[in-house]
Amino acid sequence: PEPPPKEVAKPEPKLPKPEAPKIVEKPKVDLKRAKQDQDAALKRIEALQKIQNMVKNKPAEQPAAPAQPVKGNAVSPGDALKGLSRMEHATYLSTIKTKVKSQWNLPGWMATANLSARIRLYVDSSGNVVKKAITKSSGNEEYDARAIGAVEAASPLPAPPSSLTSILAVDGIEIELVPD
């Protein structure tokens, strides 16, 4: 009889070495700043609670006092331009006024009248007037027509600075035409 076959030892599969866990650094928290923010939030909540209590406890029989006008309640005709943009805007406005005024011709009787008209111009990046509208009429149709005519005669206007192109296309620029 033949001897039984010898079992061959199978090599054990090699497993990849486990990687060392990566240490993730936690962002550092500025405890002092967090405490300040928390205190400020608590103060705001307390102030709101005081206001709510005052409203709840207000006697119903008292007639409400007429609202007093508060200084600053009027809408400001201001803009959001700051610094150099504001200077560029003022310079460009002056340039436009000069060019339009060079085309502004009034008969003698109109030149001595106390009239004025405001026109809002929407200008593209090349200086072309895309749209124009009278925002404050003089009350005299001929005067207003001559104001629009002066704008049309002055077109195209000088190209605006690149920082103002989007403002002039969206919000426009307003000029006032008054007799000299």
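Annotations for the structure displayed:
- Residue by residue, region 133-143 carries 3J(HN,Hα) couplings of 8, 7, 9, 9, 6, 6, x, 10, 4, 5, 4 Hz when phi is fed to the Karplus relation 6.51 cos²θ - 1.76 cosθ + 1.60 (θ = phi - 60°); x denotes Gly or Pro.
- In order through region 145-155: 3J(HN,Hα) via Karplus (6.51 cos²θ - 1.76 cosθ + 1.60), integer Hz, x for Gly, Pro: 5, 5, 5, 5, x, 5, 5, 5, 5, 7, 6
- Estimated distance in nm for a label pair at Lys97 and Lys35, the labels positioned 7 Å out from Cα along Cα-to-Cβ: 5.6 nm
- The stretch between Val130 and Met54, if pulled fully straight at 0.36 nm per residue, gains 21.9 nm over its current Cα-Cα span.
- Rg and Dmax [Cα atoms of region 86-180; Å; Rg one decimal, Dmax integer]: 13.1, 41
- In sequence order, calculated HN-Hα J values of region 104-114 (Karplus, 6.51, -1.76, 1.60; Hz; x Gly/Pro): 8, 10, 10, x, x, 5, 7, 5, 9, 6, 8
- Note on Glu142 and Trp109: their simple-model spin labels are 0.5 nm apart, each label 7 Å out from Cα toward Cβ.
- Region 11-41-region 106-159 distance, computed between alpha-carbon centres (Å): 66 Å
All of the numbers you see were taken from the coordinates with simple rules; none came from a lab. Everything numeric in this text was worked out from a predicted model, so none of it was measured. Every residue, glycine as well, gets a Cβ built from its backbone with ideal geometry; the counts of neighbours run over all protein chains shown.
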